Amino acid sequence: MKIHEYQGKELFRKHNIPVPDGSVAFSVDEAKGIAKKLGGFPVVVKAQIHAGGRGKGGGVKLANSMEEVKKYADEILGMNLITHQTGPEGRIVKKLLVEQGIDIKKELYLSIIPDRETAKIVIIASEAGGMDIEAVADETPEKIIKAYINPMLGIQAYHSREIAFGLNLPPALMKQFFGMLKNLYNLFVDYDCSLVEINPLVITGDDKIIAADAKVDIDGNGLFRHKDIISYRDLDEEDPLEVEASKFNLNYINLDGNIGNIVNGAGLAMATMDIIKAAGAEPANFMDVGGGATAEMVENAFRIIIQDEKVKGILINIFGGILRCDVFAKGVVQAAEKTGINIPVVVRMEGTNVDEGRKILSESGLNLDTAVDLKDAADKVAKLVA
Amino acid sequence: MSIYINKDTKLLVQGITGKEGMFHTQQCVTYGTNVVAGVTPGKEGQEMDGIPVYNTVKKAAQETGADASMIFVPPPFAADAIMEAADAGIKIITCITEGVPILDMMKVKNYIENKDVRLIGPNCPGIITPGECKIGIMPGPMHKPGGPIGVVSRSGTLTYEVVHQLTEQGIGQTTCIGIGGDPVNGTNFIDVLSEFQNDADTTGIVMVGEIGGNAEEEAAAFIKEKVTKPVVGFIAGLTAPPGRRMGHAGAIVSGSSGSGQGKIEAMKSNGIHVCENLGELGVLCAKVFN
């Protein structure tokens, strides 16, 4: 689960990681009220969306007066912010973070992520802060330092020293940095994070270490332990059809193509998308109904996919295991009867109770095209778009 | 022969009295797996279809001689269940549970690192040695016993598809194993590949990967160096958009890393026969393996 910068900074405050004073605003008046309370300029006005690159896209402004706060808040609220992470369609800005400007002496980079290969928690840091870290890693890999931590043991003092000396921190800042890093590590673990990133981590003119940004992603599988932050989920940042699908435990991602597809199992669903592409068409979605799908789930999957106006045809690919083909076929028939499908549907089924499943489909009187195997299904899909 | 499990394997099931655990235990028994015990804390003394239920893995293992475990407990308790099994001396632990937090799995992986334990999964369909022993949720009948091909995959139903196509071509399997779709799992491709390489009855291998991470790239390099048997490879997710998690927690392309195209190139350059259209996998295997 992604959360906003202002929410990340709320978590930072709770864990004693210094952040600039500031608060979230949903209107220009609120933004002005916050700026007034901060009591001094400059003030930073930052768009709050779930994507990076906001500064370059014009979503972050430095205001030197109340007039400028009003002007920038007015400009940014409601704008369609386009960054390299939002894609060309952009994202409408609905909230702002208004916070105290800080006197920046040096910008650092700091993040913590799980490393899948070593099963260790890795701290990544760089003196080249404030920049695109992927570019730093590509062009000047020697500027990236890493410390690997066994999650059974947790962060040790030497890990912090490795990072601090690697960053060439002045001795006077060491103690402050160690405390901050330990708190950040604890936050990562306490909240089942899949990413905590501060870019930039700022050393101020008066030698304070302050997190000027906060990117926190939470492992969705760990959310059951964190009821307190479930309210951080922002449905405005998600595709409405994906939100709808998640209510029925359907794994759905909306894509740009015109061939909808319903598959059981994530791997087979990805492979089915690839087959659609190989047949000369484009998948309109990823839809995994899961191994234990019920007839109702199948019906909902159908309903969601045909709500997508781009969809000109549907390929159903089911390998019956736990989900039996007859159960699946009943779901398809139910869905077709209720929703009145008026686009072509190709069905390919295999596995447990496949003969009963095929019988149910053929006797339903529905206009379904049955494919004998995957190759046949791909050919039939190609014909749909030809 | 086979890898990891065979007709002598004695299985216990953690979470045997739950809905899923019960159903799939029955399926495994029907297939011929020797299920000797179940574990559900608080239900010792009960039986499930004549299989004795115990409170702890330790006691179940001591009294029945179980050497393998199949885990069906819900995600919040999965890491605990794996560590309990490892501590009780279980050698082959298969965790079916989907949705285990990555932090839990990192701890488990570090915990079992120096133990004589093979963890398969989590978030996987399990492992089957056709005709001898099935530990997991895969449909049994579509497998063809007797070998000579080993199958290893990160997916569930995609593995069934692959096995189905092999069987349709008359190609049997030694052992089929789903290592799971999570970013941190117990067994990786290289573990399984080296077992298949050492198994005299396995003469060829099908490896099914997907986008995300670099396990396939590492496996491809390993194959070039250490595997003399022919390998057919497939990668799912070529059309997946970067930055989106495609169902499996591990299936995400980040930056230039983890892309399907990169994996296919790594496979090709290391001498693996890459199948680029899933519909033709069986035919390609028949060509390569015969």
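The values are calculated or read from the model by the stated rules, or taken from the named source; none is laboratory data. The structure presented is a predicted model; accordingly, all values stated were derived computationally and were not measured. Positions of Cβ are backbone-derived with ideal geometry, glycine not excepted, and every protein chain shown enters the neighbour counts. Surface areas here come from the heavy atoms of the whole protein model, side chains and all, with no ligands, DNA or RNA. Shrake-Rupley method; radii C 1.70, N 1.55, O 1.52, S 1.80 Å.
Would you confirm whether any residue within region B:238-256 is at positive phi and open to solvent by less than 40 Å² (accessible area, probe 1.4 Å)? Scanning region B:238-256, I find at least one residue that is at positive phi and open to solvent by less than 40 Å² (accessible area, probe 1.4 Å), so the answer is yes.
Residues that are open to solvent by 50 Å² or more (accessible area, probe 1.4 Å), at the interface with another protein chain (Cβ under 8 Å from one of its Cβ atoms) and over 28 Å from A:Lys338 (Cβ atoms): does region A:228-247 have at least one? Within region A:228-247, not a single residue is open to solvent by 50 Å² or more (accessible area, probe 1.4 Å), at the interface with another protein chain (Cβ under 8 Å from one of its Cβ atoms) and over 28 Å from A:Lys338 (Cβ atoms).
With respect to (1) modelled with pLDDT of 95 or more; (2) within 11 Å of chain B (Cβ to nearest Cβ); (3) open to solvent by less than 30 Å² (accessible area, probe 1.4 Å), the lone exception for A:Lys120 is condition (3).
Let's see how each residue does on (1) closer than 25 Å to A:Ile203 by Cβ; (2) in contact with a Leu (Cβ under 6 Å, 6 or more places away or on another chain):
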residue	(1), (2)
A:Met1	no, no
A:Gly8	yes, no
A:Asn16	yes, no
A:Pro20	yes, no
A:Leu38	yes, no
A:Gly57	no, yes
A:Glu68	no, no
A:Asp103	yes, no
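Just checking, which of B:Ile179, B:Ile171, B:Ile190 is more than 10 Å from chain A (Cβ to nearest Cβ), β-branched (Val, Ile, Thr) and buried (at least 24 other Cβ atoms within 10 Å of the Cβ)? Of B:Ile179, B:Ile171, B:Ile190, the one residue that is more than 10 Å from chain A (Cβ to nearest Cβ), β-branched (Val, Ile, Thr) and buried (at least 24 other Cβ atoms within 10 Å of the Cβ) is B:Ile179.
Let's see how each residue does on (1) free of Cβ contacts under 8 Å to residues at least 60 places away in the same chain; (2) over 24 Å from A:Asp219 (Cα atoms); (3) outside the structural domain of A:Arg54 (by TED's automatic domain parsing):
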| position | (1), (2), (3) |
| --- | --- |
| A:Thr118 | yes, no, yes |
| A:Gly129 | no, yes, yes |
| A:Lys146 | yes, no, yes |
| A:Ala157 | yes, yes, yes |
| A:Phe165 | yes, yes, yes |
| A:Met180 | no, no, yes |
| A:Leu184 | no, no, yes |
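Where strands (runs of 3 or more DSSP E) fall wholly inside region B:120-192, the ranges with 3 or more residues that are more than 10 Å from the chain's Cα centre (by Cα) and modelled with pLDDT of 95 or more are B:148-153, B:172-178. Checked against the criterion of being farther than 23 Å from B:Thr159 by Cβ and of a type outside the set (Ser, Thr, Tyr), region A:266-278 contains not a single residue that satisfies it.
Every condition in (1) touching a Cys at 6+ places or on another chain (Cβ under 9 Å); (2) surrounded by fewer than 19 Cβ atoms within 10 Å (Cβ to Cβ); (3) β-branched (Val, Ile, Thr) is met by B:Ile5 except one, and the failing one is (2). Within the set A:Glu282, A:Glu296, the sole residue that is at pLDDT 90 or above and open to solvent by 10 Å² or more (accessible area, probe 1.4 Å) turns out to be A:Glu282. Note on region A:128-140: among residues that are within 27 Å of the chain's Cα centre (by Cα) and more than 14 Å from chain B (Cβ to nearest Cβ), the one that is most open to solvent (accessible area, probe 1.4 Å) is A:Met131. Number of residues in region A:156-183 that are assigned to a loop (DSSP other than H, G, I, E, B) and under 20 Å from A:Asn199 (Cβ atoms) equals 3.
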